[in-house]
Amino acid sequence: VALGGFMSDEKGVFHDNTFRGGTIENVDDALDQVYDETVRSGAADLLIPVTHQTIERDQQVARHLLDLQAGDSLILGGHEHSCHDELVSSGDQNARILKGVSDAQGVT
């Protein structure tokens, strides 16, 4: 199992649309690259994105992940200040989004 970290590419999330001066790339493109380097290369059987972005962007990434990866998927996320447990479906495949409370002060 490969874990890939992805920060939000949403405009306005960071005050200057960079992270500590680093350019923020498109999350879907980064996901494609990490998927190629891990699952398609044979180094892993499954990619689990670990994200820091809004639930709306996680839902979009879940749909993109379902196009890439056969079977069910999981996204572990942060950024929200409340818990989320959502299922995004495409055909008979599902991507579950689990997001914990801000600062990981609680787990459900």
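Some observations on this one:
- Two-site label geometry, residue 55 and residue 98: point separation in nm, points 7 Å out along Cα→Cβ: 1.7 nm
- The computed Cα Rg over 2.2 N^0.38 Å for the structure shown corresponds, within (1) 1.84; (2) 1.06; (3) 1.18, to (2).
- Our helix-only sum for the chain, with -39,500 (n - 2.57) per DSSP H run of n ≥ 4 divided by its residues, gives a mean residue ellipticity at 222 nm of -6500 deg cm²/dmol.
- Taking every protein chain into account, the accessible area of the chain amounts to 59 square angstrom per residue (probe 1.4 Å).
- Amide H within-cut-off set for residue 13, under 5 Å, with H built and near neighbours excluded: none
- Heavy-atom accessible surface of the chain: percent carbon and sulfur, 1.4 Å: 48 percent
- Cleavage-rule hits (trypsin sites (Lys or Arg not before Pro)) in the chain: DSSP loop, at most 12 neighbouring Cβ within 10 angstrom: 11, 20
- Within the stretch 25-108, GluC sites (Glu not before Pro) in DSSP loop having at most 16 other beta-carbon neighbours inside 10 Å: 25, 80
- Multiplying the residue separation of residue 45 and residue 13 by 0.36 nm and subtracting their alpha-carbon distance yields 8.3 nm.
The values are calculated or read from the model by the stated rules, or taken from the named source; none is laboratory data. Quick caveat, the model's predicted, so the values are computed rather than measured. With ideal geometry, Cβ positions are generated from the backbone for all residues, glycine too; neighbour counts draw on all protein chains shown. Quick note on the areas: whole protein, heavy atoms, side chains included, nothing else; ligands and nucleic acids left out. Shrake-Rupley method; radii C 1.70, N 1.55, O 1.52, S 1.80 Å.
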